[in-house]
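Notes for the one structure printed next.
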């Protein structure tokens, strides 16, 4: 691909030439380039070689280039010798009045076929924008303006390298294959019309694999061609019911075809999707819906009563129903009544609004537009061994950011989704074995539930085809990871992120073995840094606030507000540190830090230790008011054997500092969790405020 931009600069070619022909000048004006050093004896002119480096994610990458044209002060051109296959050219042409037209051209090679055409189409606009930025920097310097250098900016050369990395990664995932020319043309035309959206994902797969399975759920199998037509019909019928481009639609569905068909239909309409947590209580739903104001709700029949107040005076449609006819129109009825021919693309693609977990308060809506490139998909695929046209059993809830991420990643790879409405540990193993899936995206508590099954139950199911179990959504205890991998093989991949920043780091099985409890390293295209409260970057090993930069940062809360930003990076809301290998260790929520007697304690450290006790199934720690110490630690523990409060206090005291010992331990049958397995600490705090068990009751439960 070749992209070229021109700008007029109020300077002569002789004034511009020293900047574009020197390593120091090019470092200043080429966005994203961190080093442009002379390599060898020749210092300038034709044949000079430079070592070029740029920041891509958390790494410095680049290659060796050579100057192949040096016509002072008119033309400067280079080509790659090693590394990224790219060519660049500056052209200076003097104009009347003392100004100069400066042209910057960048070209690089992509593989042919479907993948090359697709990535060219998706990345060209961004590459062009970054070339413009470099020219603006040059003009600003020459015309006496301040040059803005954002440390997370992505320049044209970095963009080129990212693009080639994306192409190679997607090629490695099996997306490059011989294609009929007519299908390539139709697919690229469709991508040009729709952009990288769910609508394009299913339309493209329907062109390439019309009769192959797209969804397998409790109702049977749907092909890509069928889902494409059914989602067309749903979109058409929703439009007939008054749901239009730009409207917000609430979706409260479990994992089944209705969820996916709804998402694709909304994308075809250009409507925005608000994805509601299926574990929310009625008052939470009412509060969220009142705040977000969707024009319609699409939900499973089982949630009628929960949505009774929230759904008042809104259009309502039923996705999953059993038995008698539903009270409101169903998706099946919309499909039957709708026109299944292709729709006209909306002027703007719809947005996705994922709700935060609400573990410490009211759930917030985090809005995110569709990514403009395939780089985010490549970032995950560079770490997790997923391939095109595989079967995935997505156990993580689709409404959650992790489940939704795998749904969107599957769009790129034309994945067959195997779906079960409700998670049951044995049924999950049975489904994975029956359908011979290669991946089971989960949240950590699901792994815990599987490992709680009797060994003979786990041994009944053949999981030989499963090559990865990607996890995210909550902390993964190191002991649990090792126990699972000891039995099923090194197939766990743990991703750390948040609703707001998407992903920050990914731990491979090798990371989890080498450094239990790590959240892994930043993938390509992502920057992770640790800052103190004053905004200073901290060195390796020191604990501070975690900040993340990538293409997937959310756009702000729908109710107003945003996460803290620093140097172009967004706060994840957690604290942690990096080790000397660049691996991240998350120590806890920034707002969960407990100050007891002047000492800072993060609950996660105490929780992890308690969970390692042979007679403890799981534990949660909160801070409660204390007249003497300001706050004290209180632990809630689920036992798996006989253990007392004093036993556990002595255990913590023998492993951690004295001020980290919980002064109170309460035993529960189970911890309150949301649908993704996160402990609802606000419920534990409310329980404490309303009065915990009496000493007599505690003594009885611990005996």
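With n ≥ 4 as the cut-off for DSSP H runs, can you work out [θ] at 222 nm for the chain, using -39500 (n - 2.57) per run divided by the number of residues, rounded to the nearest 500?
Values: 21 runs with 230 residues, N = 703.
So the helix-based figure for the chain works out to -10000 deg cm²/dmol.
Can you give me the C-alpha center-to-center distance between segment 531-596 and segment 248-321, rounded to a whole angstrom?
Cα centroid of segment 531-596 versus Cα centroid of segment 248-321: 32 Å apart.
Rounding to the nearest 10 and keeping the result within 0 to 90°, find how far the Cα-based axis of helix 113-142 lies from the longest principal axis of the chain.
70
What's the center-to-center distance, using Cα atoms, between segment 610-686 and segment 425-457 in Å?
28
Counting DSSP beta bridges in segment 593-702, what percent are antiparallel, to the nearest 5? Walk me through the numbers before you get to the answer.
Values: 14 of 18 bridges.
Antiparallel: roughly 80 percent of the beta bridges in segment 593-702.
Provide the FRET efficiency to the nearest 0.05 for the residue 538-residue 96 pair, computing r from the beta carbons and using R0 = 45 Å.
Once the sixth-power term is evaluated, E becomes 0.25.
For segment 593-702, evaluate the Debye formula with one uniform point scatterer on each Cα (no solvent term) and list log10 I(q)/I(0) at q = 0.09 Å⁻¹, rounded to two decimals.
The calculated log intensity ratios at q = 0.09 Å⁻¹ are -0.21.
Cut-off 15 Å, label point 7 angstrom out along Cα-to-Cβ of residue 688: give me the residues of segment 659-675 whose amide nitrogen falls inside.
Once the point is set 7 Å along Cα→Cβ of residue 688, 660-668, 672 turn out to lie under 15 Å by backbone N, inside segment 659-675.
Which peptide among 293-302, 225-234 comes first, and what is the full order, when sorted by highest mean count of other Cβ atoms within 10 Å?
On the way: 293-302: 20.6, 225-234: 23.2.
Per-residue Cβ counts within 10 Å, averaged per peptide and sorted highest first, yield 225-234, 293-302.
For segment 495-566, count all C-alpha to C-alpha pairs, find those more than 18 Å apart, and express that count as a whole percent of the total.
Numbers: 1196 of 2556 pairs.
Summing the P(r) of segment 495-566 above 18 Å gives 47 percent of all pairs.
Take every DSSP beta bridge whose two residues both sit in the chain, then give the antiparallel share in percent to the nearest 5. Write out the running numbers ahead of the final one.
Numbers: 90 of 121 bridges.
In the chain, DSSP labels about 75 percent of beta bridges as antiparallel.
Please report, to one decimal in angstroms, the Kirkwood hydrodynamic radius of the chain built from all distinct Cα-Cα pairs.
Result for the chain, one decimal place: 27.6 Å.
Ranking 74, 253, 468 by Cβ neighbours within 10 Å, fewest first, what do you get? Please list the in-between numbers first.
Numbers: 74 14, 253 27, 468 21.
Going from least to most buried by this count: 74, 468, 253.
At a 10 Å Cβ-Cβ cut-off, how would you order 614, 646, 483, fewest neighbours first? Don't skip to the answer; put the middle values down first.
Values: 614 7, 646 10, 483 14.
Listing 614, 646, 483 from fewest to most nearby Cβ atoms yields 614, 646, 483.
Treat the count of other C-beta atoms within 10 Å as a stand-in for reagent exposure and order 166, 499, 457, 330 from fewest to most.
Working: 166 26, 499 22, 457 13, 330 19.
Going from sparsest to densest Cβ surroundings: 457, 330, 499, 166.
Report Rg(Cα)/(2.2 N^0.38 Å) for segment 251-346, keeping two decimals. Don't jump to the answer; show the numbers that get you there.
Numbers: Rg = 13.4 Å, N = 96, 2.2 N^0.38 = 12.5 Å.
Output field value: 1.07.
Against the longest alpha carbon principal axis of the chain, how many degrees, from 0 to 90 and to the nearest 10, is the axis of helix 257-269 turned?
Here the helix axis deviates by roughly 40 degrees.
Angle check, please: helix 478-488 long axis (alpha carbons) against the longest principal axis of the chain (alpha carbons), in degrees 0 to 90, nearest 10.
With rounding to tens, the tilt is 90 degrees.
Every number here is computed from the coordinates shown, using simple stated rules; none is lab data. Just so we're clear, the structure is a prediction, and the values are computed from it rather than from any experiment. With ideal geometry, Cβ positions are generated from the backbone for all residues, glycine too; neighbour counts draw on all protein chains shown.
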